[in-house]
Amino acid sequence: MDPTSLQRLVFLTSLLSCSTNQARLTVTPSSSQVFRDEPVSLRCEDASEGWTVRRNTSIDNRAECGVDWGTFAGFSCTIDSSDPLDSGEYWCESTEGSTSNTITITVSGGSVILQSPALPVMEGDDVTLTCRTKMADPPSADFFKDGVFIGTESDGHMTLLHVSRSDEGLYKCSFQSKESPESRLSVSEKPTTSMEPPTASSAPPASSLHLVFRLLRHLVVFCPYCICTYIVVSLYRERARGNDSSVSVAMTPPTHAEQGLDDDCDDVMSAVTTEHQF
Ligand SMILES: *[C@@H]1O[C@H](CO)[C@@H](O)[C@H](O)[C@H]1NC(C)=O
């Protein structure tokens, strides 16, 4: 295989691996708020070599896990004992600059937190918000949305039934006049059937562009193989018909566009030609 074919193979392989890579960030415990000293673990799901967890906080910017903070192992980043300074935005990032979803985490140095989903919840789901104190779940807590009182729950749990986009907002709770920090609840649209193509009106242009780009990448990868196979099969057909002339004569001269693709087939064709001349 000559150097250009090898380069092309490496290029195609990297394209293929790019198109299958879209990491997601998850967090354990699955809460957007934790108490100081509690452990937090962030994991890049569906990640491959080169992905890491980064964060923006009040003290650092795009700081890398395992270098600037936390312990990185197996696409998981662990903070053994969290501190209010660990509060911030967390995401996964590849060496090429691709990024995952972002999770906002608040580490409270206070005595009350609101446990709410760190990841967006699906439209129609039931969502439970829990008001926690350092001692135990409070017997009775007040809940607020965007600063407005929305109710008191005697067991510290508030369940939002069949959430919709209108439930999005900043939530907090209070217990004996001690308030938790605020956290955003995000509600994502229920996906329609997965095979349904996005309509032009509902899909943002970026996502349809991305789809076209992905499709092109797949075509770029698979076309040369299809064309090679086609050419090799045609060559054998030509032989089977008892054509005595050399195989290379049976070939039409490659057009400019085919030139590059034919390079890929050089090895196969020279093998065929050599065999033919025996
Ligand atoms: C992190 O901070 C950088 C620099 O201020 C900013 O460009 C970027 O959007 C931030 N990322 C997130 C996820 O907040």
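Coordinate-derived values only; no laboratory data. Given the structure is predicted, the values throughout are model-derived calculations rather than measurements. Neighbour counts are summed over all protein chains in view; Cβ atoms, including those assigned to glycine, are modelled from backbone coordinates with ideal geometry.
Each label point is 7 Å from the Cα along the Cα-to-Cβ direction; what then is the distance between the points at E64 and F149, in nm?
Here the answer is 5.1 nm between the modelled labels.
So, R0 is 25 Å and r is the distance between the beta-carbons of K190 and L85; what FRET efficiency does that work out to, to 0.05?
0.10
Could you work out the local net charge near M158, counting Lys and Arg as +1, Asp and Glu as -1, over the other residues with Cβ closer than 14 Å to its Cβ?
-3
Could you calculate, for the stretch 24-109, the ratio of the Cα radius of gyration to the Kirkwood radius, expressed as Rg to Rh?
0.93
Rg over Rh of the stretch 82-137, using C-alpha atoms and the Kirkwood radius, what does it come to?
For the stretch 82-137, the value is 1.07.
Would you pull out the residues with amide H under 5 Å of Q33's amide H, same chain only if 5 or more places away, H placed 1.01 Å from N?
Those lying under 5 Å, H to H, from Q33 are T106, S116.
With the crude spin-label approximation of a point 7 Å out along Cα→Cβ, what separation in nm comes out for N56 versus M135?
3.9
Near R55, within a Cβ-to-Cβ distance under 12 Å, what is the net charge of the other residues, with Lys and Arg +1 and Asp and Glu -1?
The answer is -4.
When all alpha-carbon pairs of the stretch 110-190 are counted, what percent fall beyond 15 Å?
On the way: 1644 of 3240 pairs.
Here the tail beyond 15 Å accounts for 51 percent of pairs.
How big is the equivalent ellipsoid of the stretch 65-158 along its three axes, where each semi-axis is √(5λ) from the Cα gyration tensor, reported in whole Å from largest to smallest?
31, 18, 11
Where does each of F75, F149 land when they are ranked from fewest to most other beta-carbon atoms within 10 angstrom? Don't jump to the answer; show the numbers that get you there.
On the way: F75 19, F149 10.
Final ranking by Cβ density, sparse to dense: F149, F75.
Which ordering of M135, M158 is given by a fewest-first count of other beta-carbon atoms within 10 Å?
So the residues, fewest neighbours to most, are M135, M158.
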